[in-house]
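Taking it in order: structure first as structure tokens, then the write-up.
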Amino acid sequence: MVSSRIHGGSFVVGSASGPGLDGSTLAAATGSIVAVIQYRLGAFGFLSPSNETNLAVKDVVTALHFLQEVLPAFGGDGSKVTIAGQSSGASMVRALLATPSAAGLFQSAILQSDPMVIPQIVFMLMSEGIDSIICLQDYGFLTTSAFTNLNDYFISQLSCSASDTTCLANLSTDSVLSTSMTVFDNAASIDPSLGSFEPMRCVTDGSLITSPLDATAFFPPQSKPIIVSTVADESGKIIYGTYTSPVSESEWEQAVQQSLGSSRAATVTNSSFYAIPSQDASNASSFDARTQLEALGTDQIWRCPSWTFARLFAAAGGTVYVGEYAVGVTYPDNEAVPYCTEGDTVCHEDDIEIVFGTASDPSANQTSLIQAMQGRYKAFFATGNPGGGWTPVSGQETNAIILGGSSDGSQADVGACDPSFWGSAVQYDYQVFDA
């Protein structure tokens, strides 16, 4: 059995040697070979003077071909490859699921915290004193037109013309990286569908990636088993790292308005899903609306689009197991945000050291979940079924389970991820921009 892991980092940073990505413990626990893949990042992986798309995706496909060649020498079985990724690594896994030419290179897939929504921070001055609003946007893969707009800007920032191959060949790595970051910083103003957190990303080019794998288009037939997971407080770092002091209800409404526009914002702010808890309703003026922003961000960026994807993938013939981590290990990126280090919060990336079993001093709850998840992964690598009573998606029922803690294995609350709300009453931005 082989687990091919794809690292995260918004497609601009990260590596196979990132914190917690040592695969030795996971390999020993699951009886598998763990290979962590690297690929070109930023402009090197997603932009090109020749207008070529998806270079980073092609890197990963090449790596999977390489694994097929070398696995027998390590006692591995090329027919038992599971691809897995966290954050943008999960987005890359989703891209591979939409790449017909890669279908024969893996048997199953795991997507951890796939950010199917791209958050954007808009800075502005307001009478209430707030100086930034987080716009939560969900654009999925890039369209070819969005890629063209981004790539044209990239070419315009180079010190060479696109046809001057000699000049291009002599550009330094530092020069291209500098231009890449200029593109990253200005992407949202180039094309609003790009967002500003992950503008350089996979493209539905119609040749390599043939489907957006979202609610805007017909889902092609699927047959592979997959696991789709998120964590309980995905947007904790974004919200509490940006808003370092309490937020008022008026600021909450402005943030939602800025993100969603008047019609969708009204549906969200008037819904029971994001209402002030009843025990705090009598003191609404002192309520910290970061609680609402965090819940909204977690639902809109990760949880609900992941559940929508899971339902669509299952409806197309795939077998999908959905889970939500209620226990995690604080990842180094999150240590500077108190919200992510206090209490029982599980912020984005806090599932990494659970899966890899690389926590330095795990608690009893963390140890229990590490063992449980590695047992589930071992079964999934071997059979495509994680076992333990984990029921796959059926129709509109995701049958999502809680991962960790006293409620491990029990059904997760559907909440706003009910198909009648997100994706229907409140459309995802990719439905608005990319349909």
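The values are calculated or read from the model by the stated rules, or taken from the named source; none is laboratory data. Bear in mind the structure is a predicted one, so any value in this text is a computation, not a measurement. All Cβ positions, glycine included, derive from the backbone under ideal geometry; neighbour counts span all protein chains shown. Accessible surface is based on the protein model in full, side chains and every heavy atom, while ligands, DNA and RNA are left aside. Shrake-Rupley method; radii C 1.70, N 1.55, O 1.52, S 1.80 Å.
Looking at Gly388, is it open to solvent by 40 Å² or more (accessible area, probe 1.4 Å) and over 18 Å from Leu21 (Cα atoms)? Considered against the rule, which asks whether it is open to solvent by 40 Å² or more (accessible area, probe 1.4 Å) and over 18 Å from Leu21 (Cα atoms), Gly388 comes out as yes. Of all residues in the range 412-434 being among the polar types (S, T, N, Q) and within 22 Å of the chain's Cα centre (by Cα), which is least open to solvent (accessible area, probe 1.4 Å)? Per the criteria, the residue is Gln431.
Condition test on Pro225, is it surrounded by 19 or more Cβ atoms within 10 Å (Cβ to Cβ) and under 26 Å from Tyr153 (Cβ atoms)? Against the criterion (surrounded by 19 or more Cβ atoms within 10 Å (Cβ to Cβ) and under 26 Å from Tyr153 (Cβ atoms)), Pro225 does not qualify. Residues that are of a type in the set (A, V, I, L, M), in contact with a helix residue (DSSP H, G or I) (Cβ under 6 Å, 6 or more places away or on another chain) and over 21 Å from Cys304 (Cα atoms) were ranked within the range 316-354; the one that is surrounded by the fewest Cβ atoms within 10 Å (Cβ to Cβ) is Val337. Only one of the numbered conditions (1) in contact with a Lys or Arg (Cβ under 9 Å, 6 or more places away or on another chain); (2) on the phi > 0 side of the Ramachandran plot is not met by Gly357, and that is (1). Annotation: of all residues in the range 309-360 being in a loop (DSSP other than H, G, I, E, B) and among the aliphatic types (A, V, I, L, M), the one that is farthest from Gln411 (Cα to Cα) is Ala336.
Ser180 fulfils the conditions (1) part of a helix (DSSP H, G or I); (2) modelled with pLDDT of 90 or more; (3) open to solvent by 10 Å² or more (accessible area, probe 1.4 Å) except for a single criterion, (3).
In the range 368-380, the condition of being open to solvent by 20 Å² or more (accessible area, probe 1.4 Å) and in a loop (DSSP other than H, G, I, E, B) is met by no residue.
Just one of the listed residues (Leu208, Leu260, Leu168) is out of contact with any Phe, Trp or Tyr (no Cβ under 6 Å at 6 or more places or on another chain), within 26 Å of Val57 (Cα to Cα) and assigned to a helix (DSSP H, G or I), and it is Leu168. The condition (being out of contact with any Lys or Arg (no Cβ under 8 Å at 6 or more places or on another chain), closer than 22 Å to Glu397 by Cα and without any contact (Cβ under 8 Å) to a residue 60 or more places away in the chain) is satisfied by just one residue among Ala217, Ala266: Ala217. The listed residues are Ser306, Ser282, and the only one of them that is without any contact (Cβ under 8 Å) to a residue 40 or more places away in the chain, assigned to a helix (DSSP H, G or I) and of a type outside the set (A, V, I, L, M, F, W, C) turns out to be Ser282.
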